[in-house]
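Right, one structure below, let's go through it.
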Amino acid sequence: MSKKKIIIINGPNLNLLGKREPEIYGHQTFEQYFEVLKDKYSDRVDLVYFQSNHEGFLIDKIHEIGFSYDGIVLNAGAFTHTSIALADAIAGVKTPVVEVHISNVHKREEFRHHSYISKNSIGIIIGFGLRGYDFAIQTYL
Ligand code: CA2
């Protein structure tokens, strides 16, 4: 059987994981955790990682892979709460999106409670730390 093509897309400031605010986001960098995930699923998944702090680059990436990949695991960071453009990009491609948040956004500030991404996602995984990305990959297998 051919491998699934899955991309993890992280939005703004997630390049700082493991470097600041460990009480909220943990001690591991995403690059370290990505290697764990790649190893774990190497027999079943071609796993790719993309991170950008720029809304347009995130949208370009979604357009680029959104008709050829089996899954998009998306943590849009703070753009989750602000970006109609990202929501439209997800709605405009074929590849299904699982929305992930490391922290439980519902235990945090009110402005983090609304997501523009959720409506166009097949599901949402919130508050399980980096393991949420692992759970999201499993939904495509
Ligand atoms: O919990 C999540 O995964 C978030 O998407 C993370 C975003 C936040 O704006 C969302 O409300 C919830 C922020 C990511 C910032 O990550 C940092 C990591 C370390 C140090 C500073 C920021």
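What trypsin sites (Lys or Arg not before Pro) does the stretch 104-141 have in DSSP loop regions with at most 15 other beta carbons within 10 Å?
Within the stretch 104-141, the qualifying trypsin sites (Lys or Arg not before Pro) (loop, at most 15 other Cβ atoms within 10 Å) are R108.
Hand me the GluC sites (Glu not before Pro) from the stretch 1-110 located in a DSSP loop with no more than 10 other Cβ atoms within 10 Å, in residue order please.
E109
Go from 0 up to the bin containing the longest alpha carbon distance in the chain, width 5 Å each, and give me the % of pairs per bin.
Reading upward from the zero bin: 2, 10, 21, 25, 22, 14, 5, 1, 0.
Beyond 20 Å between alpha-carbons counts as too far, so tell me which of K4/K61; K3/K38; K5/K61; K61/K94; K40/K61 fall in that bin.
Too far apart for the 20 Å limit: K40/K61.
Only loop residues by DSSP count here, and only those with at most 13 other Cβ atoms within 10 Å; note down the trypsin sites (Lys or Arg not before Pro) in the stretch 13-82 that meet that.
K19, R20
How many percent of the accessible area of the stretch 4-139 is carbon or sulfur, using a 1.4 Å probe?
For the stretch 4-139, the apolar C and S fraction of the accessible surface comes to 52 percent.
The values are calculated or read from the model by the stated rules, or taken from the named source; none is laboratory data. Here the structure is a predicted model, which is why all the values come from computation and not from measurement. Please note: Cβ atoms are built from the backbone with ideal geometry, for glycine as well, and neighbour counts cover all protein chains shown. The area values use the complete protein model at the heavy-atom level, side chains included, leaving out ligands, DNA and RNA. Shrake-Rupley method; radii C 1.70, N 1.55, O 1.52, S 1.80 Å.
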